[in-house]
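The structure appears right after this line, and notes come after that.
The values are calculated or read from the model by the stated rules, or taken from the named source; none is laboratory data. Everything numeric in this text was worked out from a predicted model, so none of it was measured. Note: ideal-geometry Cβ built from the backbone for every residue, glycine included; neighbour counts use all protein chains shown. Heads up: the accessible areas ignore ligands, DNA and RNA and are worked out on the full protein's heavy atoms, side chains in. Shrake-Rupley method; radii C 1.70, N 1.55, O 1.52, S 1.80 Å.
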Amino acid sequence: MTNFSRRNFIKTSFAGSAALAATQLTAPFFGKARAADSLSVVEWGPPFIGHSKALAAEWGKASIDWTLHAGGAASILPKIKAAWPNPPYDVVDNWSPVFQSMIREDWAETVTLQDCPNLADVPEGLIPKDATGNGKVVPRGSSGIFFTYVPEKCPIEIKSIEDLLNPKLKGQILWPNPTLNTNLQIVALAMARGGDQFNLEPGWGFLKELAKSGNIGRVAATTSDLITSLDTGETSVTCIDQGTFSGIKGVKAVPLTKTNKDLKTFLFVSGWVILKSSKNKKLAFDFANYMISKDASERYGKDVGEVPVNSKAKQTLEYLHFSPEEIKEFVVVPDWDHLGKELDGWNKRWEQDIVQLL
């Protein structure tokens with residue numbers, strides 16, 4: 001199973017997120033009896049748990065036993081597997097990489113508009129699906145990875161990804177190593193030249209050109225490298241995640257999220273999985289439906305720092321809010337399971353083929 005840690009990723013991807021709690025709020029894992037009108041919900045620590053508890057109290061249709069994730073995002077998977085087909089949970093909050101594992105194990109109940117009418121206000125492209133196209137998650141928030149630049153420091157206006165090869169950008173590009181952004185910066189290069197996340201060869205070729213050009217002035221190994229280099233004016237162009245982007249204070253960086261179809265924004269989502277094993281599916285879907293309503297979604301964005309996926313909700317990060325048409329043109333929802341499996345090999349490829357050219 002995938003060993004992704006949303007804890008490690010989210011601390012730089014969602015503004016205001018805190019460390020995940022390492023304790024559980026429920027009774028022991030096995031053998032817990034629940035009333036027919038109660039739900040067992042797995043949630044993240046602050047600020048997520050406080051937000052969800054407040055909304056659940058307003059919903060008020062069932063009592064809820066809360067369990068906090070203990071450790072990384074995937075830590076819930078072996079617990080479910082060990083207890084299947086009777087795990088003690090109805091609803092699990094998780095995010096893009098782990099959704100794929102849950103769907104592959106056939107644990108996630110199919111969700112329809114009849115189950116959750118408020119899904120009509122969520123762009124279909126943001127709903128994780130199984131291999132046959134059935135919706136398997138009720139998404140509630142999203143964030144993204146995208147290219148950005150600092151106009152006052154950059155010698156040119158960045159209008160397309162091919163502009164990265166402009167000789168005027170000598171030393172101006174801050175390039176993240178593959179570990180940062182799960183190597184999606186090279187996926188973007190590949191897509192601009194006919195490849196994709198499953199065929200990175202065009203991207204590696206593009207990156208070799210970029211390395212030989214001298215335009216890469218610094219390689220970032222940490223999110224702090226990204227912030228410091230842009231803040232000090234050392235470089236002026238990079239690919240970055242939203243959380244790290246929000247940490248740039250010394251300059252005015254502009255997100256390149258809706259400027260050109262070859263400057264992709266890679267979105268990941270968080271949300272609710274209703275387990276097939278749940279004995280309270282109707283209540284569980286009703287709970288999830290309430291949590292993604294317009295009003296609840298607006299509060300979610302404010303309280304948690306993600307972008308609510310309900311298209312009717314007021315957006316605080318307009319550059320990460322996409323209409324259905326904009327999603328088709330500018331947005332990619334990555335196959336996180338695939339990226340995780342390939343990352344080690346991509347790191348080796350980076351060291352062997354690219355580092356020597358810088």
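Restricting attention to segment 156-177, which residues are open to solvent by 60 Å² or more (accessible area, probe 1.4 Å) and either free of Cβ contacts under 8 Å to residues at least 60 places away in the same chain or of a type in the set (Ser, Thr, Tyr) (or both)?
Glu157, Pro167, Lys168, Lys170
If you go through segment 305-332 one residue at a time, how many are out of contact with any Phe, Trp or Tyr (no Cβ under 6 Å at 6 or more places or on another chain) and buried (at least 20 other Cβ atoms within 10 Å of the Cβ)?
So the count comes out to 8.
Among (1) over 18 Å from Ala253 (Cβ atoms); (2) touching a Gly at 6+ places or on another chain (Cβ under 7 Å), there is one condition Lys153 misses while meeting the rest; what is its number?
Unmet for Lys153, out of (1) over 18 Å from Ala253 (Cβ atoms); (2) touching a Gly at 6+ places or on another chain (Cβ under 7 Å): (1).
Name every residue in segment 335-344 that is open to solvent by less than 40 Å² (accessible area, probe 1.4 Å) and out of contact with any Pro (no Cβ under 9 Å at 6 or more places or on another chain), in order of residue number.
His338 - this is the single residue of segment 335-344 that is open to solvent by less than 40 Å² (accessible area, probe 1.4 Å) and out of contact with any Pro (no Cβ under 9 Å at 6 or more places or on another chain).
Taking segment 108-138 only, how many residues are in contact with a helix residue (DSSP H, G or I) (Cβ under 9 Å, 6 or more places away or on another chain) and outside any loop (DSSP other than H, G, I, E, B)?
11
What are the residues in segment 200-221 that are farther than 17 Å from Thr148 by Cβ and within 21 Å of the chain's Cα centre (by Cα), if any?
Residues satisfying the conditions are Leu200, Ala221.
Taking segment 196-233 as the region of interest, how many residues are within 18 Å of Ile354 (Cβ to Cβ), part of a helix (DSSP H, G or I), at pLDDT 95 or above and not small (Gly, Ala, Ser)?
Looking only at that region, the number is 9.
Against the definition (surrounded by fewer than 23 Cβ atoms within 10 Å (Cβ to Cβ), farther than 25 Å from Trp107 by Cβ and of a type in the set (Ser, Thr, Tyr)), how does Thr228 come out, yes or no?
Judged against the criteria, Thr228 is a match.
Hey, can you tell me all the residues within segment 293-335 that are touching a helix residue (DSSP H, G or I) at 6+ places or on another chain (Cβ under 6 Å) and either of a type in the set (Asp, Glu) or farther than 24 Å from Thr257 by Cα (or both)?
If the condition is that a residue be touching a helix residue (DSSP H, G or I) at 6+ places or on another chain (Cβ under 6 Å) and either of a type in the set (Asp, Glu) or farther than 24 Å from Thr257 by Cα (or both), then Ser293, Ala296, Asp303 are the ones that fit.
Does Asn289 qualify as being in contact with a helix residue (DSSP H, G or I) (Cβ under 8 Å, 6 or more places away or on another chain), surrounded by 17 or more Cβ atoms within 10 Å (Cβ to Cβ) and not in a helix (DSSP H, G or I)?
Taking the combined requirement at face value, the residue does not satisfy it.
For every residue, the table says whether it meets (1) surrounded by fewer than 21 Cβ atoms within 10 Å (Cβ to Cβ); (2) modelled with pLDDT of 95 or more; (3) in a loop (DSSP other than H, G, I, E, B).
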residue	(1), (2), (3)
Arg34	yes, no, yes
Val41	no, yes, no
His51	yes, no, no
Asp65	yes, yes, no
Asn86	yes, yes, yes
Tyr89	no, yes, yes
Asp106	yes, yes, yes
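On the given criteria, is Lys159 closer than 24 Å to Glu325 by Cβ, modelled with pLDDT of 95 or more, basic (Lys, Arg) and assigned to a loop (DSSP other than H, G, I, E, B)?
Considered against the rule, which asks whether it is closer than 24 Å to Glu325 by Cβ, modelled with pLDDT of 95 or more, basic (Lys, Arg) and assigned to a loop (DSSP other than H, G, I, E, B), Lys159 comes out as yes.
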